[in-house]
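What follows is a single structure, written as structure tokens, with notes after it.
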Amino acid sequence: KYALLFIGLTFAVFFLFEVLKRMAVHPVQYALVGMSLALFYLLLLSLSEHLSFALAYGIAATACVLLIGFYVSHVLHSALRGAGFAALLALLYGMLFGLLGAEDYALLMGSVLVFGVLAGVMVLTRKLDWYGVGRLPLASQASDL
């Protein structure tokens, strides 16, 4: 039941990297990241049939974080950005694991997580000109004419 939240948060972070670093990310690249996120659940399910849930979760999460971190470092043209994205993704997987284990506090933890992400997005984008996102700078537009 947390899959949509998890995938949405991952895409939100990916979008923030794109917007804040002023880099164009193709929809196919978003789709590949999305497929790897979906594969996490398939890996988790298949591994948990043979291993403990915690071990299966750790293996599936590590595999996906490494794959996505590697891919995003090339998409964003920076190993540092890819590592940063992978670290955020690993933190998100850790929070999801905690959320799954704490059923009595799941709503509280989920609410705090979403609030924290929203606060982070608002702080990071507070000076961003949303009307200018995707538009060429004026100097580039003048040279195109």
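No lab work stands behind these numbers, since they all come straight from the coordinates. These numbers were taken from a predicted model, which means no experiment stands behind them. With ideal geometry, Cβ positions are generated from the backbone for all residues, glycine too; neighbour counts draw on all protein chains shown.
Using 0.36 nm per residue, how much length does the chain from A38 to L107 gain when fully extended, once their Cα-Cα distance is taken away?
Full extension of this stretch gives 22.6 nm more.
Treating the angle as unsigned and between 0 and 90°, give the value, to the nearest 10°, between the Cα long axis of helix 3-20 and the longest Cα principal axis of the chain.
The angle comes out near 30 degrees.
Give the calculated FRET efficiency between F15 and I59 to the nearest 0.05, with a Förster radius of 25 Å applied to their Cβ-Cβ distance.
Numbers: r = 28 Å, r/R0 = 1.12.
Step by step, r from the Cβ atoms, then E = 0.35.
What nm value, rounded to one decimal, do you get for the distance between L128 and A24 when each label is placed 7 Å out toward the C-beta?
1.8
I need the calculated FRET efficiency for the pair V114 and E49, taking r as the beta carbon distance and R₀ as 22 Å, to the nearest 0.05.
After rounding, the FRET efficiency stands at 0.10.
What relative contact order, as a whole-number percentage, does the chain give when Cα pairs under 8 Å and 6 or more residues apart are counted?
Relative contact order for the chain comes out at 20 percent.
Beyond 19 Å, what share of the Cα-Cα pairs of segment 23-106 is found? Please give it as a whole percent.
The calculated P(r) of segment 23-106 puts 43 percent of pairs beyond 19 Å.
Just to be sure I understand: with springs between alpha-carbon atoms less than 10 Å apart, which residue in Y131, Y93, Y30 has the highest mean-square fluctuation in the Gaussian network model of the chain?
Highest fluctuation among the options: Y131.
In whole Hz, what ³J(HN,Hα) sequence does segment 83-93 give by Karplus (6.51, -1.76, 1.60; θ = phi - 60°), x for Gly and Pro?
Going residue by residue, I get 5, x, 5, 4, 5, 5, 5, 4, 4, 5, 4 Hz, with x marking Gly and Pro.
Based on alpha-carbon positions alone, could you give the equivalent ellipsoid semi-axes of the chain from the gyration tensor, as √(5λ), descending, whole Å?
For the chain, the ellipsoid semi-axes come out as 33, 19, 11 Å.
What nm distance separates the two modelled labels at L5 and L80, each placed 7 Å from Cα along Cα→Cβ?
Result: 3.3 nm between the two label points.
Given the options L37, L113, L89, which has the most mean-square fluctuation in a GNM of the chain, springs set between C-alpha atoms less than 10 angstrom apart?
L113
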